[in-house]
Amino acid sequence: MTRRFLELLAREASAVEFEGPIIQARAAGADAAAIEALEQAKVEALKVRDLLRRRARREAELSALYDTAGDLAALRDLDAVLEAIVHRARQLLATDTAYLTLHDPERGDTYMRVTDGTISAKFRAVRLPMGAGLGGLVAQTATPYATADYFADARFRHKDDIDEAVKEEGLVAILGVPLRLGQRVIGVLMAANRSARPFHQEEVALLASLAAHAAVAIDNARLLQETRNALEELSQTHRALREHGEHVERAALAHDRMTSLVLRGGGIEDVAAVVTDVLGGSLAVLDDLGRPLAGEVGQVDAGVFEAAQASRALGRTVRRGDLLIASVDVGGEPLCTLILRSDDADERILERAALVCALLLLFRRSVAEAEGRVRGELLDDLIARPDSPGLAEHARRLGVDLSAPHVVVVVRHEGQRERAAFWASSQAALRHGLAAGRAGEVVLLLPGENAGGLARRVAAELSASLHVPATAGASGISTGGTDRGASGIDPGASHRPRVGDVAAAYQEARRCAEALIALGRAGDGASAAELGFVGLLVGDGRDVRGFVGEVLGAVIDYDARRGTALTETLAAYFGSGGSPSRTAEAMHIHVNTVTQRLDRIGKLLGEGWLEPERALEIQLALRLHRLGHTSIA
């Protein structure tokens, strides 16, 4: 009978069919023990069936996101891309309909742009004022909303014309997520059912991902249209200034060469080379943080960045001395800036080059964001669910060889979470690693063996990117033994993927980063092996709690029982260079009180507590005690 359950799993039978073997066994007169065994086998088979269905759905979601990213990279027709996104939303969420509304800035409401599965002409023509209905509320608050029964939900401001259109379409359960460009909501992506149903959190997250792709597609279309408009303007100028042959030929050459570069998959450096070849002078292309992407023009002062801001506001090239500056933004955020040092150059060619560079960067960012989400989910699985099957194979498909030496780097920061996550994702993609962004930290899994050197480089580069200190702790994973201690893997496994070691390395790297912060080394990077005694104690498998208890436990216990401040006094005493008077000043107490407390500490710690070696251990224990997670109860 167990084989029968396997056959049902193999042909993806419905849940009710799994009762068949049990019914047959009862009809055949099987005893209670056999029936109970079949019931248990049925339960396990249904668990396997649910797991397979979840996996299949997740694969379908990832495939849809990849397909959507591919649509964006080959964007030609905005309507076709939006229709594909809405259709995929309907398929993946298994809803009766899906539709997308866009904001109308002239009328101040939203209108239907794309629908899939709708049957009512009135519904396809409905307009939603800001705050009215579920879609209007999502557009107004920029927050996802879901309802299992729209007409019974009092959270929404119901209007007769909207309710009539919804009723004519027969919709009951509706989920809506905002389409955002920066801080601006440009529309709403919605999925709806004609019967009551709840929407789960993963469905909200999936629809939000598709909405993000839709927003990028719309913004891409804007950039493409601007490029077409700019190229058309260039053509008109070419015809009007035909008598100026050399000037026109140079502009046409730049136009043709840049367009050809884009079609052949050229990069920013190729576009910059065309500009300098046609216009002369020297050109630099800067990213949104002012870092060079190509070329150089020497020293750039703060006035250049003010000119770049003016260029974005005007949508034109701005001249500052012998510099021409053209800058492009997306959704109000800078994307790239071109700086040309030349006495006489065609400003419009530079503007078109800026748009081409912006388009290339936007395509690159769209693909990187989609890939970054997949890599982040894999790294989360390696840390939280290392026993999940297929992780090594999944990593191999992403170009990550887990059988080679790797380093786990945990970076603590207080900067912009999205910027830090994007930076980490870019680094992982360039170095064939993985990255995941979390609240207050990013985690990277990068190939290499020099854990300390990699931690310092990551800390320095992310600190520069965020303009706030980023502190990195690192732990290595080798193919043989590991530089962190016992690996738990047999020696014969030296060339097999070390999936399970990632979670342990993550914990050690995180402790290392926390220790650096506690030791006053925020903005630095190191591995546990480079932290001396602290590294030995925060490394994997070290008994930090026992060390603190052995060295300082008597004083900590005394404070806990009596409510005294001996531990604080001891720390202040060492911090003031062993001076009772300076200790008294630091703690705002009388020097006699300090002397009495030191006498009590001496009795608790025993003779020789001020000897150099003993004092070093006590100070080390005090530092570790400040870490919080090393405190003894």
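Yes or no, residue by residue, for (1) open to solvent by less than 90 Å² (accessible area, probe 1.4 Å); (2) under 37 Å from the mean Cα position of the chain (by Cα); (3) more than 27 Å from PRO389 (Cα to Cα):
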site	(1), (2), (3)
ARG4	yes, no, no
LEU8	yes, no, no
ARG11	no, no, no
SER14	yes, no, no
GLU19	yes, no, yes
ALA33	yes, no, yes
GLN40	no, no, no
GLU44	yes, yes, no
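When you scan segment 209-241, how many residues do you find that are under 22 Å from the mean Cα position of the chain (by Cα) and open to solvent by 40 Å² or more (accessible area, probe 1.4 Å)? Residues flagged as under 22 Å from the mean Cα position of the chain (by Cα) and open to solvent by 40 Å² or more (accessible area, probe 1.4 Å) within segment 209-241 amount to 1. For segment 167-189, give me each residue that is without any contact (Cβ under 8 Å) to a residue 60 or more places away in the chain and surrounded by 23 or more Cβ atoms within 10 Å (Cβ to Cβ). Result: ILE174, GLY176, VAL177, PRO178. When LEU75, LEU100, LEU92 are screened for being modelled with pLDDT of 65 or more, open to solvent by less than 10 Å² (accessible area, probe 1.4 Å) and not aromatic (Phe, Trp, Tyr), only LEU100 passes.
Residues of segment 551-576 that are in contact with an Asp or Glu (Cβ under 9 Å, 6 or more places away or on another chain) and either within 30 Å of ASP501 (Cα to Cα) or open to solvent by 30 Å² or more (accessible area, probe 1.4 Å) (or both): GLU568 alone. Within the span defined as segment 399-415, one or more residues are surrounded by fewer than 22 Cβ atoms within 10 Å (Cβ to Cβ), modelled with pLDDT of 75 or more and in contact with a His (Cβ under 7 Å, 6 or more places away or on another chain). At least 2 residues being aliphatic (A, V, I, L, M) is the threshold, and among the helices (runs of 4 or more DSSP H) wholly inside segment 109-171 those reaching it are 133-141, 160-169.
Can ALA392 be described as open to solvent by 10 Å² or more (accessible area, probe 1.4 Å), of a type outside the set (Asp, Glu) and either modelled with pLDDT of 80 or more or outside any helix (DSSP H, G or I) (or both)? Step through it out loud before you land on a result.
Values: open to solvent by 10 Å² or more (accessible area, probe 1.4 Å): yes; of a type outside the set (Asp, Glu): yes; either modelled with pLDDT of 80 or more or outside any helix (DSSP H, G or I) (or both): no.
No; evaluated as a whole, the condition is false for this residue.
Here SER487, SER478 are screened, and the one residue that is out of contact with any Gly (no Cβ under 9 Å at 6 or more places or on another chain), more than 13 Å from VAL411 (Cβ to Cβ) and either open to solvent by 10 Å² or more (accessible area, probe 1.4 Å) or at pLDDT 85 or above (or both) is SER478.
Would you check which residues across segment 435-445 are within 11 Å of the chain's Cα centre (by Cα) and not in a loop (DSSP other than H, G, I, E, B) and list them? Quick ask: steps written out before the conclusion?
Pass one, segment 435-445, residues within 11 Å of the chain's Cα centre (by Cα): 435-439, 441-443.
Within segment 435-445, ALA435, ALA436, GLY437, ARG438, GLU441, VAL442, VAL443 qualify.
Within segment 456-475, the residues that satisfy the criterion of being more than 14 Å from LEU446 (Cα to Cα), at pLDDT 85 or above and open to solvent by 10 Å² or more (accessible area, probe 1.4 Å) are ALA460, GLU461, SER463, ALA464, HIS467, VAL468, PRO469.
If only residues of segment 577-630 that are under 45 Å from the mean Cα position of the chain (by Cα) and not in a helix (DSSP H, G or I) are counted, the one that is surrounded by the fewest Cβ atoms within 10 Å (Cβ to Cβ) is GLY628.
The values are calculated or read from the model by the stated rules, or taken from the named source; none is laboratory data. Keep in mind that this is a model prediction, so the values were computed, not measured. When we count neighbours, we look across all protein chains shown, and the Cβ atoms used for this are built from the backbone with ideal geometry, even at glycine. Accessible surface areas use protein heavy atoms only, side chains included; no ligands, DNA or RNA. Shrake-Rupley method; radii C 1.70, N 1.55, O 1.52, S 1.80 Å.
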